[in-house]
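One structure is given here, and the rest of the page talks about it.
The values are calculated or read from the model by the stated rules, or taken from the named source; none is laboratory data. Computed from a prediction, not measured in an experiment: that's the story for all the values here. Cβ atoms come from the backbone with ideal geometry, glycine included; neighbour counts cover every protein chain shown. We work out accessible area using only protein heavy atoms, side chains counted, and drop any ligands, DNA or RNA first. Shrake-Rupley method; radii C 1.70, N 1.55, O 1.52, S 1.80 Å.
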Amino acid sequence: MEELLQDLRYGFRMLLKSPGFTGAAVLALALGIGANTAIFSVVDAVLLRPLPYPEPDQLMVLREFKLPVHPEFPVAPGNFLEWQNQSSTFESLCAYRGASYNLVSGSTPQRIQAARVSAGLITALGTPPAIGRDFLAEEDQEGRGNVVVLSHGLWQRQFGADPNIVGQTITLSGVVHIVVGVMPPSFRFPDDATEIWTPPCTRSG
């Protein structure tokens, strides 16, 4: 122990004699620790920690690329329908995209993060609604998609965990929607901020 303390004292004295070298060494060490922490966080989230859905190894994400001009851009609806019709590899193909709505409930409107998802996506993720149902295929059609599934948190916070919420109406961005389901607390898609799911052709005000 005494030899270790002597080595530490000697090391500190040498560092104090060369402040420029000390600063460079500390900076390099900090950058190395930061880079390794960031890389581990990505690897942990993407490779080590499984997705919070049953059978996550069977889930895939398909995207369109047009390199080098467009590294990534949204899939055109016509292309998605073509993929659905011609696919013989996947059990099902579903689409989603981010959205947001003004939820009018009470005296103050709220901006709510949402996702527009095609019929079957919630079922494909293996997590059925805790109350009510998933979207129907016909609700993907224009003019028939003014239905909504709520997150468990929003249902509790904004609607008092009303067990009779299914069938009631709420107003999203000036358009009346019918509540058809409530997801369980564990459901997070595509991220933790999403609190409402609607069909892809939902009409918004």
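Restricting the range 90-105 to residues that are without any contact (Cβ under 8 Å) to a residue 40 or more places away in the chain and in contact with a helix residue (DSSP H, G or I) (Cβ under 9 Å, 6 or more places away or on another chain) leaves a set whose member that is nearest to D162 (Cα to Cα) is C94. The strands (runs of 3 or more DSSP E) falling completely within the range 119-205 that include 3 or more residues that are touching a His at 6+ places or on another chain (Cβ under 9 Å) map to 169-172.
Taking the criterion of being polar (S, T, N, Q) and within 16 Å of P109 (Cβ to Cβ), would at least one residue in the range 145-167 satisfy it? Yes, there is a match, as at least one residue in the range 145-167 is polar (S, T, N, Q) and within 16 Å of P109 (Cβ to Cβ). Is it fair to say F65 is in contact with a Phe, Trp or Tyr (Cβ under 9 Å, 6 or more places away or on another chain) and in a strand (DSSP E or B)? It is true that F65 is in contact with a Phe, Trp or Tyr (Cβ under 9 Å, 6 or more places away or on another chain) and in a strand (DSSP E or B). Anything in the range 104-116 that is open to solvent by 60 Å² or more (accessible area, probe 1.4 Å) and within 17 Å of N146 (Cα to Cα)? List them, or say none. Within the range 104-116, V104, Q113 qualify. Residues of the range 117-156 that are within 17 Å of the chain's Cα centre (by Cα), buried (at least 20 other Cβ atoms within 10 Å of the Cβ) and among the β-branched types (V, I, T): V117, I122, V149.
Among the residues of the range 176-199, is there at least one that is without any contact (Cβ under 8 Å) to a residue 60 or more places away in the chain, touching a helix residue (DSSP H, G or I) at 6+ places or on another chain (Cβ under 6 Å) and surrounded by 20 or more Cβ atoms within 10 Å (Cβ to Cβ)? So far as the range 176-199 goes, yes, one or more of its residues are without any contact (Cβ under 8 Å) to a residue 60 or more places away in the chain, touching a helix residue (DSSP H, G or I) at 6+ places or on another chain (Cβ under 6 Å) and surrounded by 20 or more Cβ atoms within 10 Å (Cβ to Cβ).
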